[in-house]
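Notes follow the structure.
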Amino acid sequence: MAEIFDKCYHGYCLRHLAEKLNKDLKGQFSHEARRFLINDFYAAAYSPKPENFERSIENIKGISPEAYNWVIRSEPEQWANAFFGGARYNHLSSNIGQQFYSCVSEAQELPITQMIDVLRGNIMETMYTRRVDSNQWKTKLTPSKEEMLQKETSVAQSLQVFGSEGTSFEVRGESASAEVVDIEHWVCSCKGWHITGLPCCHAIAVLECLGKSPYDYCSRYFTVENYQLTYATSIRPVPNVDRPLPDESTLAVTVTPPTTKRPPGRPKTKQAESIDIIKRQLQCGKCKGLGHNRKTCKALLPS
């Protein structure tokens, strides 16, 4: 891949990694311990800086050195924000394709021509719906990204900006730590700008001091204009999918099914993958402890 695509990065799906880790640890630890391990694993993945990543996996090491070694061997540079070289825009799982996967699973039992037509119809409807919806948007960014940018802009109001050198600036807030922003290279030491594709609060504070618009420093993929271009093309209806129109210039070819022997028994269907890895814990309404309810609580009643 690297020979064909310049600067090509391979990102692992965090959800599948977490399911694999949870499965490998099953039977070795209690449900509560595994819940803490998975939570720390997710915290490590979303940590923007290496020191935050190290802090999270040290928590894992405190619970299980074996789980710690598993995380180290799983190539964090392929799934952790702190080390990933490409741009994933904070999407660390493949859940973004869940809608398409569910559509495929519903149509996979159909004959091939009908299956393709169902997929075509779903994509046609999706493109039409998103094209119509996006024509109503009045903002420069898509609604979800516009909301994210406004939240960062609100935080930026309480930050102080100090000029340093050229296009570099120092930004401080209520905490003692400072972040360094380089406007020319679209970089902030908090790494939020790189991870999300949107200016972080520190960058916005600098841009406002310079009289520049944060919208000019957002990833072009988040603009309404590019979103509309994505769905600008229409897929036309195919009314005769099972009976193609005759074409005299094409020789008729009869395609017969391959000669295969059907295996005995009922065909196996693939189980849908679990999205929720850790189920919600019971919490007692009396003592507020986890793992039991009020009825089975063993806490002493007041005398």
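Below are the figures for this structure:
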item	result
Length added when fully stretched, GLU184-ASN240, from 0.36 nm per residue minus Cα-Cα	14.6 nm
Probe 1.4 Å, protein heavy atoms only - accessible area per residue of the range 77-195 in square angstrom	62
Of every Cα-Cα pair in the range 52-194, the percent that sits beyond 21 Å	69
Distance (nanometres) between label positions extended 7 Å along Cα→Cβ at PHE83 and ALA2	1.5
Separation in nanometres of the label points that stand 7 Å from Cα toward Cβ, at GLN108 and SER30	3.8
Extension gain, GLU208 back to GLU225 (0.36 nm per residue minus Cα-Cα distance, nm)	3.7 nm
Translational diffusion coefficient (Stokes-Einstein; Kirkwood radius from C-alpha pairs) of the range 119-247 at 37 °C, 0.692 mPa s, in µm²/s	190
Accessible area in the full protein assembly, largest first, 1.4 Å probe, for GLU174, GLU19, GLU109	GLU174, GLU109, GLU19
Gain on full stretching of the segment that runs from GLU165 to MET127 - 0.36 nm per residue minus C-alpha separation	9.0 nm
Tail beyond 17 Å, pair distance distribution of the range 146-220 (Cα, percent)	33
Relative contact order (%) - the chain, alpha-carbon pairs under 8 angstrom, separation at least six	14
Förster radius 22 Å - calculated FRET efficiency between LYS138 and ALA232, Cβ distance, rounded to 0.05	0.75
Largest-first ordering by accessible area, 1.4 Å probe, given options CYS13, CYS209, CYS284	CYS209, CYS13, CYS284
Helix-derived mean residue ellipticity, 222 nm - over the chain, DSSP H n ≥ 4, -39500 (n - 2.57), to 500	-12000 deg cm²/dmol
Net dipole in debye of the chain [+1 Lys, Arg Cβ; -1 Asp, Glu Cβ; about Cα centre; nearest 20]	1800
Entry for Rg and Dmax of the Cα atoms in Å (calculated from the structure that is shown) out of [x] 24.4, 103; [y] 26.3, 96; [z] 21.9, 89	[y]
Distance violations [Cα-Cα > 27 Å] among LYS61/LYS145; LYS7/LYS191; LYS20/LYS261; LYS26/LYS191; LYS26/LYS268	LYS61/LYS145; LYS20/LYS261; LYS26/LYS191
Percent accessible area from carbon and sulfur atoms, the chain, protein chains only, probe 1.4 Å	55
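The values are calculated or read from the model by the stated rules, or taken from the named source; none is laboratory data. Here the structure is a predicted model, which is why all the values come from computation and not from measurement. Ideal geometry is used to build each Cβ from the backbone, glycine not excepted, and the neighbour counts take in all protein chains shown. For accessibility, only protein heavy atoms count, side chains too; no ligands or nucleic acids. Shrake-Rupley method; radii C 1.70, N 1.55, O 1.52, S 1.80 Å.
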